[in-house]
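Data block below; observations after.
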Amino acid sequence: MRFPKYPDYKDSGVEWLGRVPSHWLVCRLRYTATLNPSKSEVRGLSADTEVTFLPMEAVGEDGSLEVSEERAIGEVIDGYTYLREGDVAYAKITPCFENGKSTLIRGTRNGIAFGTTELTVLRPASRQLTPEYLFRVVSSEPFRTLGEASMYGAGGQKRVPEDFARNFTIAWPPLREQKIIANFLNHETARIDALIEEQQRLIELLKEKRQAVISHAVTKGLDPDVPMKDSGVEWLGEVPAHWGVMPLMHLTPENRQIMYGIVLPGPHVDGGVPIIKGGDVAADRLDPKKLSRTSPEIESNYERSRLAPGDIVYSIRGSIGEAECVPSQLENANLTQDAARISPRSTVHNQWLLHCVQSKPVFAQLEAGAVGATIRGINIKDLKRAKIPVPPPFEQEELAEHLGAQTRGLDLLVQQVEKQNNILAERRSALISAAVTGKIDVRDWTPPALSTEAEHEGVGAVT
């Protein structure tokens, strides 16, 4: 869909913004919104008054807001960020800011919320700015890109300074246009979000099929007529009668046992030794350029957990159960205590074993013993003792080839759908940016299938 431009533009005086509609007002955000409003207006309320509580997890990257958690105001008025109905909030820390965590505050208990101190709050300073439009400005790509460039702090914990929001300069349309633009974006982004959600369901189905293919092959083999026997393991059920069933640790050599790595790797060291964390266990993450690094002095104390090409790394904390083979460029890299190394014996096919430890029946044994309320973890002893159905070497090779072909096809389909979702997400972002910077004119837009005079005037859902 193509939209016209405004008939008249003027120079905004802002380099990144360029030309804007001639009737829009160019000014800093501080003149249109109040930053982090004072709690004084609610200090007179009873300490027992129930209010919404917003941890960082309550704010979605898609603008959604979870308002189910509630607390007494006396518990949260000191030490937390104050918000009320109609405010706009965004996460100011990395990576939440870059990932687009921002929201419009709606549906709060008694019209009040308190949340994490890592939220910055903006409140329209007058009736000439709608909360819905302010939310779209804050969620736009220019706000995100410039805010990210202004971040301060070392390592992984960087923040967007409050002065960035105060001094952020953009052109503001008249109130009526704000409402039209907000309604337009609500409608168009909802359409795009629905398409993305539909594609995401397809991805989940493809991943489920992938898991089913792997799980059946590594526990039942490829011959449907082969005699079966009880494995003696509830999660495995019956396996081919000529297969063995043994603990995973019996498939690794004595001098390279299953183990996790560096307990305290310290801060990132440029030029240091690459280390694999639990969250790095993914095919697109096992790249020396993407991994954190520790100092050679710290790593030298963990020679026993060094990696070799063909080893399998297995996530044992956080995203438990993810597994990948170590590529040749990570020879002599190491890992942290969030990941475990599984080194197959020379008689064990590493690609077969990779599929095996990725299978649902093997993971089920480990998941049953996973501990931790916030970050789940697998005990290394349980990983070592996980029962593995083991076919003869020639069958391991057949299974590896079969599953390699099957999973490659499914992985390719997943990649194609993910690429489509990325394109949709880019279009969503571009549409928001174009609308709030005046690059497109949507003043004549009306909601489909609606034709009342008020809707034609662009009032729609935002009043």
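Quick notes on this one:
Condition check ((1) touching a residue at least 60 places away in the same chain (Cβ under 8 Å); (2) surrounded by 20 or more Cβ atoms within 10 Å (Cβ to Cβ); (3) farther than 28 Å from residue 345 by Cα; (4) among the aliphatic types (A, V, I, L, M)) across all residues:
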{"residue": "289", "(1), (2), (3), (4)": "no, no, yes, no"}
{"residue": "295", "(1), (2), (3), (4)": "no, no, yes, no"}
{"residue": "303", "(1), (2), (3), (4)": "no, no, no, no"}
{"residue": "306", "(1), (2), (3), (4)": "no, no, no, no"}
{"residue": "313", "(1), (2), (3), (4)": "no, yes, no, yes"}
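- Residue ID - farthest from the chain's Cα centre (by Cα), chosen from residues in the range 343-362 that are open to solvent by 10 Å² or more (accessible area, probe 1.4 Å) and closer than 12 Å to residue 236 by Cβ: 361
- Residue among 197, 141 that is open to solvent by 80 Å² or more (accessible area, probe 1.4 Å) and either under 30 Å from residue 244 (Cα atoms) or without any contact (Cβ under 8 Å) to a residue 24 or more places away in the chain (or both): 197
- Residue match in the range 70-89 (condition: in contact (Cβ under 8 Å) with a residue 60 or more places away in the chain, part of a strand (DSSP E or B) and buried (at least 20 other Cβ atoms within 10 Å of the Cβ)): no
- Residues in the range 354-376 that are β-branched (Val, Ile, Thr) and in contact with a helix residue (DSSP H, G or I) (Cβ under 8 Å, 6 or more places away or on another chain) were compared, and the one that is modelled with the highest pLDDT is 357.
- Pairs with Cβ under 6 Å, 6+ apart, first in the range 22-36 and without any contact (Cβ under 8 Å) to a residue 12 or more places away in the chain and outside any strand (DSSP E or B), second charged (D, E, K, R) and open to solvent by less than 60 Å² (accessible area, probe 1.4 Å): none
- Condition met for residue 272 (on the phi > 0 side of the Ramachandran plot and either of a type in the set (Lys, Arg) or open to solvent by less than 80 Å² (accessible area, probe 1.4 Å) (or both)): no
- Odd one out for residue 229 among (1) in contact with a strand residue (DSSP E or B) (Cβ under 8 Å, 6 or more places away or on another chain); (2) touching a residue at least 24 places away in the same chain (Cβ under 8 Å): (2)
- Among the residues of the range 104-127, the ones that are basic (Lys, Arg) and within 19 Å of residue 143 (Cα to Cα) come to 1 in all.
- Residue 44 meets the conditions (1) touching a strand residue (DSSP E or B) at 6+ places or on another chain (Cβ under 6 Å); (2) part of a loop (DSSP other than H, G, I, E, B); (3) of a type outside the set (Phe, Trp, Tyr); (4) farther than 30 Å from residue 448 by Cα in every case but one. The failed one is (1).
- Residues of the range 15-60 that are open to solvent by 30 Å² or more (accessible area, probe 1.4 Å), of a type in the set (Val, Ile, Thr) and either over 30 Å from residue 110 (Cα atoms) or more than 36 Å from the chain's Cα centre (by Cα) (or both): 26 alone.
The values are calculated or read from the model by the stated rules, or taken from the named source; none is laboratory data. Keep in mind it's a predicted model, so treat the numbers as computed, not measured. Note that each Cβ is placed from the backbone with ideal geometry, even for glycine, and that neighbours are counted across all protein chains shown. Side chains are part of the model used for accessible areas, which takes the heavy atoms of the whole protein and leaves out ligands, DNA and RNA. Shrake-Rupley method; radii C 1.70, N 1.55, O 1.52, S 1.80 Å.
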